[in-house]
1. Take Phe182 and tell me if it is over 19 Å from the mean Cα position of the chain (by Cα) and of a type outside the set (S, T, N, Q).
2. At pLDDT below 95, of a type outside the set (Asp, Glu), over 12 Å from the mean Cα position of the chain (by Cα) and surrounded by fewer than 16 Cβ atoms within 10 Å (Cβ to Cβ): is that true of Ser191 in this structure?
3. Residue by residue through region 71-123, note down the ones that are in contact with a Phe, Trp or Tyr (Cβ under 7 Å, 6 or more places away or on another chain), over 18 Å from Val204 (Cα atoms) and of a type in the set (Val, Ile, Thr).
4. What's the number of the only condition in (1) over 18 Å from the mean Cα position of the chain (by Cα); (2) under 21 Å from Pro78 (Cβ atoms) that Ile161 fails to meet?
5. Taking the condition of being under 24 Å from Asn44 (Cα atoms) and among the hydroxyl-bearing types (Ser, Thr, Tyr), how many residues in region 172-218 meet it?
6. Which one of Val158, Val200, Val195 is closer than 28 Å to Ala105 by Cα and part of a helix (DSSP H, G or I)?
Amino acid sequence: MSEEVLIPKMKRLDNKQKKIKIPLLNLLLIFVCTILLVASTFINIDLKHYIIPHGLFSNKNFRPEDCIYAFSIIPQIPVVMFVCSFVGKKMSASCIMLYLMLGLAGFPFFALGGGLSYIKEYGFGYLLAYIPAIIVAGIFLNKKYSILNMFLTSLCGVLIIHFCGILYMVLVALIRHDGGTFISGWIYSQSGMKVLYDFVLSFVAVIIGGYLHSFLKFITD
């Protein structure tokens, strides 16, 4: 067989192999990232840091441990931002859609279980907000994986999730005729300072995802 005929055939075979491998890799990544989203729902990270307590100089009963603020955080929002940075907004949207559909289908993948009735939960808006968050945040990473773009990705993603989550919670609370005290307390406990912690952890997660994204591109090109 002549070289003029053999080379085009080899190129077509190579292209067919790439068309087979890439979708299989995508499916594997979607499956792994979805499992990661599920796992992050049930993980509590205990954190501590120093603060300046209120009434530091006026409180006669001041103790050194009053300067330590301890709290726990569920890392699902940082994991969402990591997935967005790692596999891109299209594939991460597929992961989140799969996660939501499985949860609404009855699998106990949400923090309080699963099933269609979960749409009545106060916190379901945070889960729905993952989709617009990665779509908007992913715009910055589509341009370039720079520190500035990763910073903007984390900031926009976290703010969108908390903003939409709060709006959904207020809507559910109004339907249930909950009072203003309940609404303000819920917002403070579920968002409040957690916005800052989610942003810091998301920024770190996006940077890690960016490095893995570069490695992924290197092995697939």
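The values are calculated or read from the model by the stated rules, or taken from the named source; none is laboratory data. Computed from a predicted structure; not experimentally measured. Please note: Cβ atoms are built from the backbone with ideal geometry, for glycine as well, and neighbour counts cover all protein chains shown.
1. Working: over 19 Å from the mean Cα position of the chain (by Cα): yes; of a type outside the set (S, T, N, Q): yes.
Against the criterion (over 19 Å from the mean Cα position of the chain (by Cα) and of a type outside the set (S, T, N, Q)), Phe182 qualifies.
2. So Ser191 does not fit the description; no.
3. Listed by number, the list holds a single entry, Ile96.
4. (1)
5. 6
6. On the way: Val200 fails: closer than 28 Å to Ala105 by Cα; Val195 fails: closer than 28 Å to Ala105 by Cα.
Criteria check complete, one pass: Val158.
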